[in-house]
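The values are calculated or read from the model by the stated rules, or taken from the named source; none is laboratory data. Quick caveat: nothing in here was measured; it's all calculated off a predicted structure. With ideal geometry, Cβ positions are generated from the backbone for all residues, glycine too; neighbour counts draw on all protein chains shown. Heads up: the accessible areas ignore ligands, DNA and RNA and are worked out on the full protein's heavy atoms, side chains in. Shrake-Rupley method; radii C 1.70, N 1.55, O 1.52, S 1.80 Å.
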Amino acid sequence: MKRDDYRRELASYVIGLVLAVTLSLIPIGLVLFPTWPRETTLGVIFGLGLLQILVHLRCFLHISLGRSHRHDLYLLLFTSLILVLMVVGSLIVLGDLHHRMG
């Protein structure tokens, strides 16, 4: 591995670590010191969670929108779709069972 590649990869990891820690500490601070309404706080936490997912994908997994990484992105999107279908399907089944038992 070339020295420039090593430095570029190390810089990506350090930037990702700083962003991930920052994006984790902000929601902790919002919960510990509530200053906004509950709905606003939940929305900010949700948005920061999505941003943290993007940071992890870009900085740690090195998945970008370039042509060489397109297959990795498709695989990730397909996996996410399967997980969403499983979770939503399970919730529908559990909701139906709860309705029938009540």
Completion exercise
Shape call for the chain, from the Cα gyration tensor axes a ≥ b ≥ c (a/c under 1.5 means rounded, otherwise prolate when a/b beats b/c, else oblate), comes out oblate
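Between rounded, prolate and oblate, where does the range 1-46 land on the alpha carbon gyration tensor, with a ≥ b ≥ c its root eigenvalues, rounded for a/c under 1.5, else prolate if a/b exceeds b/c?
Working: a/c = 7.49, a/b = 4.11, b/c = 1.82.
Judged from the Cα gyration tensor, the range 1-46 comes out prolate (a/c at least 1.5, a/b above b/c).
I'd like the carbon and sulfur percentage of the solvent accessible area for the chain, probe radius 1.4 Å, heavy atoms only, ligands and nucleic acids excluded.
Carbon with sulfur: 73 percent of the solvent-accessible area.
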Handout entry: Per residue, the convex hull volume that the Cα atoms of the range 42-102 enclose (Å³)
Key = 95 Å³
Handout entry: Electrostatic dipole magnitude of the range 1-85 [Cβ: Lys, Arg +1; Asp, Glu -1; Cα centre; debye, to 20]
Key = 240 debye
Fill in the blank from the handout: Note to self: with every protein chain in place and a 1.4 Å probe, the range 19-102 gives an accessible area per residue in Å² of 82 Å²
